[in-house]
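Encoded as structure tokens, the structure appears first; notes follow it.
Read-outs: derived from the displayed coordinates by stated rules, not from any lab. As the structure is a computational prediction, the values presented were derived from the model and not from experiment. No Cβ is skipped: glycine too gets one built from the backbone with ideal geometry, and neighbour counts run over all protein chains shown.
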Amino acid sequence: MKFSRLTIPLLAALICATSCRSLKPTPSAERDVFAMDTFMTMKAYGDGADKALAAAEKRIHELESELSVTDKNSDISRINRANGAEVEVSCDTAFLVDAGGKYWVETDGALDIRVYPVLREWGFTTGEYHVPDEATITELLEKVHSGDIAVSETSVQIPAAAEIDLGALAKGYTGDEIMAIFRDNGVTSALISLGGNVQALGGKPDGSDWRVGIKDPFSPDENMCVVSIADKAVITSGNYERCFTGDDGRVYWHIIDPADGYPADNGLVSVTVIGDSGLRCDALSTALFVMGTDGAQTYLRENTDVEAVLVTDGGTLLYTDGISEKLDITSDMPTEVISRD
């Protein structure tokens, strides 16, 4: 093929223009937010990144005002003060209370949004930490197990003695809402951390996976492994988060077992759940921790829509076989694979 003298410069100009466009960096924006009693970071890529982050921050504060158990004006506080009466609430609140009921059934009670009276008594929502006496815990458990919750699309009604808390669901749901906002605003790639709840939209701008570190529960300043993800949530519940040492010298943590009212001590010290839904990963990270080593493995063998990394109190790292190729283990802990064949 022959090119004329005019064609060659034109072809070179087209190649240059195409190359310049391909090398143009993807627009990006970052934002830090303090909400839901934690620090949150968000980074988004795409032409709509700035607009998306502004909308995401607004949505975070909106959800906090609805779902906070300590804000006296929130939906949750109004429900808890209603003395058994039906309360009109936002669609978000109704949806999450209903989800809490469904996860209570699915996890055989390991996740129970009615455990708030016990959680508060331990001081985990007030900062006034102490070990309650057995009689007090027994009395409070009667409130936890006092009856069913009624939910419609815009109202919630709980037993007069009951109180609820959506702490095991709220940040996961918030992550899902942020992902939806990002998509609606043309964001093509993003990574957020809502107080340790990590969630990604797509992969990195260059097409590679995001790499998310999972903390070593015995040395929380270090990672024990790194998981590669795209379009996934990575959510961890650990005994090193929100804990205190009692007068007896024992360490007590905020994940309460609804069965006995004490911090769940069933063989696990860390549970990380990886999946498509932030809400589901958030709920299951708590529920699997409460289930303990055997119960969590049984659940994971029967429910293959999520992956998980578990650490036992004896220092063994267990992980589901579906994540083997995405997991880079940096710890010298002994490892076991949870096979689901």
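Summary table
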| read-out | value |
| --- | --- |
| Length added when fully stretched, residue 251-residue 211, from 0.36 nm per residue minus Cα-Cα | 11.3 nm |
| Taking the stretch 196-341 and dividing mean pair separation by its residue count, relative contact order in percent (alpha carbons under 8 Å, at least six apart) | 21 |
| Options 246, 293, 319, ranked by Cα towards positive dipole end of the chain, top entry (Cβ charges) | 319 |
| Virtual spin-label span in nm between residue 91 and residue 332, 7 Å along Cα→Cβ | 5.5 |
| Orientation-averaged projected area, Cα convex hull of the stretch 162-286 (nm²) | 9.4 |
| For the chain, calculated [θ]222 nm from helices alone, where every DSSP H run of n ≥ 4 adds -39500 (n - 2.57) | -11000 deg cm²/dmol |
| Length-normalised contact order for the stretch 183-249 - Cα pairs under 8 Å, 6+ apart - percent | 28 |
| All lysines inside 23 Å of residue 72 as judged from Cα atoms, apart from same-chain residues fewer than 8 positions distant | 58, 143, 171 |
| The stretch 168-217: C-alpha gyration tensor shape, a/c 1.5 cut-off, then a/b vs b/c | oblate |
| Separation of the residue 303 and residue 135 label points, Cα + 7 Å toward Cβ, nm | 3.8 |
| Residue-count net charge about residue 277 - beta-carbon cut-off 14 Å; Lys, Arg +1, Asp, Glu -1 | -4 |
| Per residue Cα convex hull volume in Å³ - calculated over the stretch 209-341 | 109 |
| Debye equation applied to the C-alpha atoms of the stretch 124-164, log10 I(q)/I(0) at 0.14, 0.20, 0.22, 0.31 Å⁻¹ | -0.46, -0.75, -0.81, -1.03 |
| D (Stokes-Einstein, µm²/s), Kirkwood Cα radius, the stretch 291-333, 0.890 mPa s at 25 °C | 219 |
| Local electrostatic count, residue 199, Cβ distance below 13 Å [Lys/Arg +1, Asp/Glu -1] | 0 |
| Total formal charge among the other residues, if their Cβ is under 9 angstrom from that of residue 130, Lys/Arg +1 and Asp/Glu -1 | -3 |
| Rounded tilt (10° steps) of 134-144 against the dominant C-alpha axis of the chain | 60 |
| Degrees, to the nearest 10: 170-184 long Cα axis against longest axis of the chain | 20 |
| Cα pair distances exceeding 12 angstrom across the stretch 107-146, given as percent | 58 |
| On Cα atoms only, tilt of 278-302 relative to the major axis of the chain in degrees | 70 |
| Alpha-carbon spread of the chain, three principal axes, descending order, Å | 95, 49, 37 |
| Dipole of the stretch 195-341 [Lys/Arg +1, Asp/Glu -1 at C-beta], most positive-end residue of 207, 270, 337 | 207 |
| Nearest-20 debye value, the chain charge dipole, Cβ charges on Lys, Arg, Asp, Glu | 2160 |
